[in-house]
Every structure is written in structure tokens, then in C-alpha cells.
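Heads up: the structure comes next, in C-alpha cells.
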Amino acid sequence: MPSTDQRAKVPRYAASLDFDALWGDFPPPDEYFQVAYLRSRDELNSIQNQRFLRQMKRAWQVPFYKRHWGAAGMEPGDIRSLDDLQRIPPFSVHDLRIGLEKEPFWADYIGIDPEHDDPIPLIVQTSGGTTGLPRPMIFTPQDREVMNIITGRRLFMQGVKPFDLIHVTLSMGLTNGGVLAREGIWKYSGAVPVMAGSGAQTSTRRQIELIQAWKPKHLIGFPAYIKHMGLVARDELKIDPRSLGIKGLIVHLGVDDRTAMERLWGADAYDTYGCNECGTMAAECRHKSGMHVFEDAFVMEVNDVETLKPVPVGERGVVFITTLFKHAAPMIRYNMNDVTSWAADTQCACGTHQRSITGIYGRSDNMVKLRGVNVFPEAIGALVSKDARSNGEYVCLLEGEAGGREDMIVMVEALDDSVSHSALEGDLKARFKEALSVKVGVKAVGRGELDELTGLSQTSKIKRLIDRRIKM
Ligand SMILES: [Zn+2]
């Protein structure tokens, strides 16, 4: 039945976007590196300002912001440039949940109304959903393509070339990681994604056999799993991971020990920072001098955890992100809860003037206050992985009464049977006391015994903190 009603039309992906305009605004590699990557600070500021005002205009159409900003007495037109950014009230995942309670899918932060808007091709990915239902994030073609272009840029910066094979150990499921990696590699790098998935989808031994036979040049995954793969190859299959020809380990490094992972695989490890809502936001180039923020697509802030005011270079704070390209669920001052610091303003040898962050040190909401001291499980992991008698696998158990006497016990896997558990426990206990300024217990166990608690070989979201406190 012919119809002129726009709402009855089935949308087509390729026709829903002006690709030339998109690539002009957000140049993909390798073009990006010839001009846009080398922009001066002034040029970057002016592009950010212009895109920020456009993003604000879109955000005012989104019910979530009308509610959140309206409650703070803000009105359209109050924010006249990026200089006013600090005046906008930030938000966190907790604020998003209010809208989700009313509408679990088309939540008010998405800003798309299926009852009234013209059809547009959409996809959904979710948060990990460790508590309650996973949080949906819907992407329009524009949102998705910018994220894909940035994946392509990041891979180019980290040495990926056309026809390279990239072995990806992230799952293709509700969460964005694997799906987004596949799209970006496929569309904007010229390389070929090999979607092996987590150890639950393709056993670790089979993954190593594939790597040996197909010879991918790069590995993408969580550091814990990449380390696990290397150890399975070396110790169980008697294959030296360094003989497998991997050149790059493309990871979100966190506080994991880069050097140990690089030595194990004989490859360079590159740090990357991204999230389910926005894709990659910052990445290291081959000089490994901090993660360069893709500032034509994001405004990043690093703010004090308590005062929420900007911290100076070198001081730790929490990441706030503002997107400059999103139609569905634009993010304006989203408190990511990730702790980082700005890298010094010395220019990287790659020539970019974009600002850089040093690394991600943990999550401010994962932070445990133990007898008045802030403890990051990730920092404990960094100390564990420095001890050669452990394979670096650990999990922190919180016990006792919430608000009363609380204790943390760190369970650690020994590398093999030759390791004395009591010696390892005693030494780590002393090391933790010295580095964290608070006493925690240590229990050493055999290799693989923490698997069930952490989910290491089954999921890509590895648990490092288990809260067993009794709520009073
Ligand atoms: Zn660089």
C-alpha cells in the first residue's frame, strides 16, 4: 500500500546518513592523521565549542535533561560556551536509573520516541548489569559511525594495518565491547576481526590453536584474560607465546602490569579507555606517553572526587565526559566514576596537541573505605601481579558488619605447587600494609581455584571485589 506517511517508511541504514559530511566532521584513518590529529590547541578549542553548543541544543530535546537541568533551575540559553561547562549539574548512572524505572527500554535519557519520531535504524547494547537489569543504550547511525571511526583511529595509532588479522577475545552479546570492536575493525581499519569471544565461547586452548594457525598480529581483550591465555600456552600447551608472532596487545590496561604482559607475549601493550555509552574516548599511540583524548568527539574533565572541581595536572580525580556527536542519549557531564589524572602537557612525539590522561586507576564507586582508608581493589591487583610467586589472579572479599568492624581478605593464586603459601601470605600481608596503610588479610590458594569466584575463564567481566558484609 503506497503511503506518503514518513512514519510508515522502512528506514535504510546507508541512506540515513550523509557519509561525506560525517567523514568531513570526523575524519577516519588514515586521513585523520594528516590534518585533524595535528590541530593546534586553538583549533581544537574552537571545534569543541561549536560542537558542544550543537550537542547542548540536542540535549535540551531529551526529557532526562529537561528534568535534571530543570530541577537545578537551568534554562536553554544559560550555557553560552564551553567556558560555562562547570555550571551544568553532572549526573551518574544513578540518575539514569530514575527514568529506567518508569520505562525500562525507551528510557527518558535516550530522547527517542517510537510513538512520534520518524523511523531510523537503531541498535541497542547494554551495561554489564551487575545489579538489576542491564541498562540499555540505543545508538543511531550517526552515533555508531562516529564510534566506529574512533575505533579505526585508535587501531591505526596502535599499529594495525589493512589485511592484519585481529584476534578479539570479547564476547558478542548485550554489552558493547565485542560488537563495537568488530564494527570498527571491519569498517575503518582494513584489518579482519576474528571474533573468538571469551573462554566460554571458544576454549582458551582452541583460541591458542587458532592464533598458531591463522597468525593474527594483534590481540584485543581484558588484560587478565590475555595474561591467562599466555600462561595456558606456555605452561599447558608448551608453546612459547612469544613464538606466536603477536605484535600488539590492545587492552584497557587499568593498573595491570604492562611490562609482565609484554614480556609474556613479546609484544607491545597499548592502553585504551572507553565505555559502553560512548565507545573509545582515549588511546595511547605507539609512543605510550599517555592516552590521547579524541577531543573532536569528547570533552573530558578530571574532577576532584569530593568537590567535583577540576584537578591540576598529575593529581587524581574522577572522569566526567561530554559527548560532541551523539543524537541518542547525548552525554553532558557524565560522571564515569573512573579515577585518572592528566598527563603533563609535554607534547607527544606523534605530534598531537590533544590532552592525555595517564591511565585508569580504579573506579571511585568500587573504592572501599576500610577503617578510614580508601582502598582500590585494582591497586591490590597491581601489587599482587608484581610478586612472581603468584600468577596475578586475586579477589578481594569484604567481610564483617557494614559500618561496624570490617575486614578485607585478599585471596591470591600461587603460580604452582612449589610456592609456599604461608610465605606468600606473610610477604603480601606486609606489602599491603606498607603500600595501603591498612591491614588486610591474605589467603593463598592453588592455581585456578579462584576461577569460580572471579569468572575469569567464563566471562569478560571479571570480579575483583565481593562484598559479603552483613548489612545491619
Ligand atoms: Zn602520541
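Summary table below
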quantity	calculated
Residue under evaluation GLY254, criteria (1) within 16 Å of the ligand (Cβ to nearest atom); (2) in contact with a helix residue (DSSP H, G or I) (Cβ under 7 Å, 6 or more places away or on another chain), criterion not met	(1)
Qualifying residue in the stretch 107-121 (condition: away from the ligand (no atom under 16 Å from the Cβ), more than 25 Å from ILE462 (Cα to Cα) and not in a loop (DSSP other than H, G, I, E, B))	no
Yes/no for ASP387 being touching a helix residue (DSSP H, G or I) at 6+ places or on another chain (Cβ under 8 Å), closer than 23 Å to GLY362 by Cβ and at pLDDT below 95	yes
Of the criteria (1) within 12 Å of the ligand (Cβ to nearest atom); (2) not in a strand (DSSP E or B), which one HIS292 fails	(2)
Residue match in the stretch 269-287 (condition: away from the ligand (no atom under 16 Å from the Cβ), in contact (Cβ under 8 Å) with a residue 60 or more places away in the chain, surrounded by fewer than 19 Cβ atoms within 10 Å (Cβ to Cβ) and farther than 19 Å from VAL93 by Cα)	no
Restricting the stretch 136-156 to residues that are more than 16 Å from the chain's Cα centre (by Cα) and open to solvent by 10 Å² or more (accessible area, probe 1.4 Å), the residue that is farthest from the ligand (Cβ to nearest atom)	GLN142
Some residue of the stretch 254-270 being within 24 Å of ASN176 (Cα to Cα), at pLDDT 95 or above and among the hydroxyl-bearing types (Ser, Thr, Tyr)	yes
Condition check for ARG182: open to solvent by 20 Å² or more (accessible area, probe 1.4 Å) and part of a helix (DSSP H, G or I)	yes
Residues (hydrophobic (A, V, I, L, M, F, W, C), open to solvent by 20 Å² or more (accessible area, probe 1.4 Å) and more than 16 Å from the ligand (Cβ to nearest atom)) located in the stretch 309-346	VAL313
One residue from ASP256, ASP240 being of a type outside the set (Lys, Arg), under 30 Å from LEU383 (Cβ atoms) and without any contact (Cβ under 8 Å) to a residue 24 or more places away in the chain	ASP240
Scope the stretch 347-370; condition within 16 Å of the ligand (Cβ to nearest atom) and either without any contact (Cβ under 8 Å) to a residue 40 or more places away in the chain or at positive phi (or both); matching residues	GLN347, GLY351, GLY359
Qualifying positions in the stretch 397-410 - of a type in the set (A, V, I, L, M, F, W, C) and out of contact with any Leu (no Cβ under 6 Å at 6 or more places or on another chain)	LEU397, LEU398, ALA402, VAL410
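The values are calculated or read from the model by the stated rules, or taken from the named source; none is laboratory data. No experiment lies behind these values; they were computed from the predicted model shown. Because the Cβ atoms are built from the backbone with ideal geometry, glycine has one as well, and the counts that use them run over all protein chains shown. Remember, those area values only see protein heavy atoms, side chains included, never the ligands or the DNA or RNA. Shrake-Rupley method; radii C 1.70, N 1.55, O 1.52, S 1.80 Å.
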